[in-house]
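A short worksheet on the structure shown next.
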Amino acid sequence: MSGLILPRRRLIARAGGLVAAAGALPLLSGCDAINEAPAVRKILSMGEAMHQHSQRALTDRDALAREFTRADLSPVFRSNGTKLPAGGDYAAHAATGFADWRIQVTGLVARPLSLSMADIRAMPQRTQITRHDCVEGWSAIGQWTGPQLSRILAAAGLRDNARYIVFRCADRIGDALYYESCDLVDALHPQTIMAWALNDAVLPIANGAPLRLRIERQLGYKHAKYVNAIEAVASLDAIGAGKGGYWEDRIDYEWYAGI
Ligand SMILES: Nc1nc2c(c(=O)[nH]1)N[C@H]1C(S)=C(S)[C@@H](COP(=O)(O)O)O[C@H]1N2
Ligand SMILES: [Mo]
């Protein structure tokens, strides 16, 4: 990282040298005055642009997924996979509007959390209109609202050895609970949110109520629905069959499903 900043520092140093050598601004003193000189300003902004460019080139996984407008919303946001988690436990939560639903934030964190939906809704929110792409060959555009996952993880305090975030879900497919995971680049991405609203309404059960992951740079199966636990881990080896997700463990779905 410091290697990236260095060229900009050199440019600034050279800019100062240019001014001094030209002797064009004998009365100016202090950084602010020198920075006001048009030639220097131009060189400084070149340095800034170069700096941003090299940073983006190195970390293009930080780039934002395309965002759409309300005019682009799909008339119906279809549901896929589990549409209603089986069992009386989930039904009881649904009957009370998920008033007692908790999201445990555990693992390699300094402060384990147990968040209610009220806690989730009280956090700063992000709303985004994005396109969901399922590997089964359909897409839909929806507007999602919820806190950024980065804020939840900051509240819990990620430990230095945390490398992955695991999302545990309330629904079982066959004999196993659905789960997913991602690395910290995706976990801390600004568009990675824990969504509780779709198209300005509380998330429907079919779409993952009360809380589902939106991880916009990845395919549909990564967007865990019915989330009740978020766990920071150093390795995925000991979770499920070790491939980082319900489908990854069973069929040839890639763990990194970047789009
Ligand atoms: N818990 C859970 N999350 C899940 C699934 C699921 O079956 N259970 N299906 C995945 C798949 S394959 C897709 S395409 C999306 C579908 O989200 P939707 O039902 O809101 O369309 O959820 C993903 N997350
Ligand atoms: Mo999917």
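Inside segment 173-204, residues that are more than 26 Å from LEU108 (Cβ to Cβ) and near ligand 1 (Cβ under 10 Å from one of its atoms) make up a count of 4.
Among residues of segment 120-135 being under 14 Å from ALA195 (Cβ atoms) and among the β-branched types (Val, Ile, Thr), the one that is nearest to ligand 1 (Cβ to nearest atom) is THR130. Restricting LYS243, LYS225 to those that are within 16 Å of ligand 2 (Cβ to nearest atom), modelled with pLDDT of 95 or more, surrounded by 15 or more Cβ atoms within 10 Å (Cβ to Cβ) and assigned to a loop (DSSP other than H, G, I, E, B) reduces the list to LYS225. The number of residues in segment 210-222 that are surrounded by fewer than 23 Cβ atoms within 10 Å (Cβ to Cβ), within 11 Å of ligand 1 (Cβ to nearest atom) and part of a loop (DSSP other than H, G, I, E, B) comes to 1. Restrict the check to segment 136-148 and report whether at least one residue is in contact (Cβ under 8 Å) with a residue 40 or more places away in the chain and either more than 16 Å from ligand 1 (Cβ to nearest atom) or not assigned by TED's automatic domain parsing to the domain that holds LEU211 (or both). The answer is yes, given that some residue of segment 136-148 is in contact (Cβ under 8 Å) with a residue 40 or more places away in the chain and either more than 16 Å from ligand 1 (Cβ to nearest atom) or not assigned by TED's automatic domain parsing to the domain that holds LEU211 (or both). The residues of segment 92-119 that are more than 25 Å from the chain's Cα centre (by Cα) and within 16 Å of ligand 1 (Cβ to nearest atom), listed by number, are HIS93, ALA94. Here the condition is being free of Cβ contacts under 8 Å to residues at least 60 places away in the same chain, crowded, with 16+ Cβ neighbours inside 10 Å, of a type in the set (A, V, I, L, M) and farther than 21 Å from PHE77 by Cβ; of LEU236, LEU188, it holds for LEU188 alone.
For beta carbons closer than 7 Å, sequence separation of 6+ or different chains, a first residue in segment 67-91 that is under 30 Å from GLY174 (Cα atoms) and a second that is away from ligand 2 (no atom under 16 Å from the Cβ) and of a type in the set (Gly, Ala, Ser), the qualifying pairs are PRO85/ALA170; TYR90/ALA170. The numbered conditions (1) within 17 Å of the chain's Cα centre (by Cα); (2) farther than 24 Å from ASP100 by Cβ are all true for LEU149 except (2).
The values are calculated or read from the model by the stated rules, or taken from the named source; none is laboratory data. Please read these numbers as outputs of a predicted model, since none were measured by experiment. Here Cβ is always computed from backbone atoms with ideal geometry, including for glycine, and neighbour counts include all displayed protein chains.
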